[in-house]
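Q: Quick one: structure below, then a few questions.
Read-outs throughout are calculated quantities, based only on the coordinates presented, and are distinct from any laboratory measurement. Treat the numbers as computed from the prediction; the structure is a model and nothing was measured. Counting neighbours? That spans all protein chains shown, and the Cβs are built from the backbone with ideal geometry, glycine included.
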Amino acid sequence: ASTTWSFRSHLEPDVYSRGLPLLFPAYDLPVDGMNTLPARSGIEVGLSVEGHAGYTPGAITEASLSYSYDGGTSWTQAPTEQRDGAWTAVLDHTGATGEQVTLKATFTDANGNAVTQTTTRAYDVR
């Protein structure tokens, strides 16, 4: 996996230590015991973030998920939706049996902190 963070920091003369405002992506992928997903459309993936120790993320204001069958040379953007504060993406793996999937997710929280994570061979399509 490759992860890039963007956050703001500033000097707080009266504060000895504060957690860095880093976001860590979390995915609720409905994979089976072999870490595979079926070759069909309509696969919902839950998207969320966790904060680095000492940082509670703000609400997610932007979330995107893309997938690639060629190791990240080309990407397909999955539609995303927010419902009651929860984000989901919908994957379409129709006709992709046997493919290895690379995922790229980007999140931004209400405090302006962001993360982009690319995971090579996140799962296979069966």
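Q: Using a basic spin-label model with each label point 7 Å from the Cα along Cα→Cβ, how many nm lie between Arg40 and Ala53?
A: Calculated label separation equals 4.3 nm.
Q: Taking the highest mean first, how do the peptides 10-20, 28-38 order by number of other beta carbon atoms within 10 angstrom per residue?
A: 28-38, 10-20
Q: Quick one: net charge of Thr88's neighbours, Cβ under 13 Å, K/R +1, D/E -1? Don't skip to the end; give the middle numbers.
A: Values: positive: Arg83; negative: Asp28, Glu44, Glu81, Asp84.
So the environment of Thr88 carries a net charge of -3.
Q: Further question on the same structure: Counting other beta carbons within 10 Å of each Cβ, put Asp92, Asp84 in order, fewest first. It would help to have the intermediate numbers written out before the result.
A: Numbers: Asp92 15, Asp84 4.
Result, fewest neighbours first: Asp84, Asp92.
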